[in-house]
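Asks: Supplied in structure tokens, the structure appears directly below.
The values are calculated or read from the model by the stated rules, or taken from the named source; none is laboratory data. Computed from a prediction, not measured in an experiment: that's the story for all the values here. Quick reminder, even Gly has a Cβ in these numbers, built from the backbone with ideal geometry, and neighbours come from all protein chains shown.
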Amino acid sequence: MGVRLREVNNISILDIDGRIDINSSDIIEMVGWLVNTGKVYIILNFENVDLVDYSGLSVLAISYKNVVNHKGKLKFLNVPLSVIELFKIVKLDSVFESYTEEESAVKSFNEQDIEKLRLRRKFKRLDIRLMVKYKIIGGQKRPKVFDGRVLNMSAAGIYIYTPYTLPINTMLDMELTMPNAPSGLEVAGRVIWISDEELQKHFHPGIGVAFAHLEPEKEKAIIDFIDKNITNRAEAEPL
């Protein structure tokens, strides 16, 4: 991974190349150096980022909190759609502010909060309240079943609001209670995020779970459910 620093209108832009993973401490160090020198308006440009993995999410969260703790702002530019989807699974899309154009990102630092231009969601993601039961795969013969609430859902995963958090990479069997369905939807998933209380106080405690080995018919059922509910909500909204 490479990081190159440039400045536009007193905004520090870090152009990042390659993968953001457990070996990406350069981002943390560069952001730390910037805020310690008084440069607290920062953009991370992901135009040449190939991948952000689960460890990379922690790198970004640490960097973001460092900037916020210095009364600054950190924003994101040219985030690949796959990474946007990852942000949504772990409910960081409501924390991280993303832009598709550098000019808009730079100008946004001078705008009032109520005038911020947000990136329009490119992945369909449904904010909803569903109940979910989940248990650890491969555990005891009679593994404990936990209850939680699904706060959002996409075809890639769900965010579960629950006090029963589990370690990252834990494999889960889950049963989603879908409205008007005769039975629950059973799916498997992997824990990829444990909520950060400082960043996600309204969604803490909780876990982000990426679906694993999702059969085509179940994936279709989830997508159809999301499409139907998004359409119904759009029709209900006043013009």
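Asks: Where in the stretch 1-91 are there strands (runs of 3 or more DSSP E), lying wholly inside it, with at least 1 residues that are surrounded by 22 or more Cβ atoms within 10 Å (Cβ to Cβ)?
Replies: The strands (runs of 3 or more DSSP E) meeting that bar are 11-20, 41-52, 73-77.
Asks: Moving on. Are any residues in the stretch 162-203 farther than 16 Å from LYS144 by Cα, of a type outside the set (A, V, I, L, M, F, W, C) and surrounded by fewer than 16 Cβ atoms within 10 Å (Cβ to Cβ), and if so, which ones?
Replies: ASN169, THR177, PRO179, ASN180, PRO182, SER183, GLY184, GLU186, GLU197, GLU198, LYS201, HIS202
Asks: OK, next. Could you please tell me which pairs satisfy a Cβ distance under 9 Å, a separation of 6+ or placement on different chains, a first residue in the stretch 70-82 that is in the same structural domain as TYR41 (by TED's automatic domain parsing), and a second residue that is basic (Lys, Arg)?
Replies: Listed pairs, sorted by first residue: GLY72/LYS39; LEU81/LYS122.
Asks: Please go through the stretch 109-168 and pick out each residue that is modelled with pLDDT under 85, of a type outside the set (Val, Ile, Thr) and part of a strand (DSSP E or B).
Replies: LEU126, ASP127, ARG129
The rows are residues; the columns are (1) outside the structural domain of ASN110 (by TED's automatic domain parsing); (2) of a type in the set (Phe, Trp, Tyr); (3) farther than 22 Å from GLU103 by Cβ; (4) touching an Asp or Glu at 6+ places or on another chain (Cβ under 9 Å).
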| residue | (1), (2), (3), (4) |
| --- | --- |
| VAL8 | no, no, no, yes |
| SER12 | no, no, no, no |
| ASP15 | no, no, no, yes |
| GLY18 | no, no, yes, yes |
| ILE28 | no, no, yes, no |
| GLY32 | no, no, yes, no |
| ASN36 | no, no, yes, no |
| LYS39 | no, no, no, yes |
| ILE42 | no, no, no, no |
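Asks: Residue under question is LEU185, and the condition is that it be out of contact with any Phe, Trp or Tyr (no Cβ under 8 Å at 6 or more places or on another chain) and either in the same structural domain as LYS135 (by TED's automatic domain parsing) or not basic (Lys, Arg) (or both); does it hold?
Replies: yes
Asks: Taking only pairs six or more apart or across chains, which ones have beta-carbon atoms under 9 Å, a first residue in the stretch 1-18 that is closer than 16 Å to LEU60 by Cβ and free of Cβ contacts under 8 Å to residues at least 40 places away in the same chain, and a second residue that is among the small types (Gly, Ala, Ser) and surrounded by 17 or more Cβ atoms within 10 Å (Cβ to Cβ)?
Replies: Within 9 Å, the pairs are MET1/SER24; VAL3/SER24; ILE16/SER24; GLY18/SER24.
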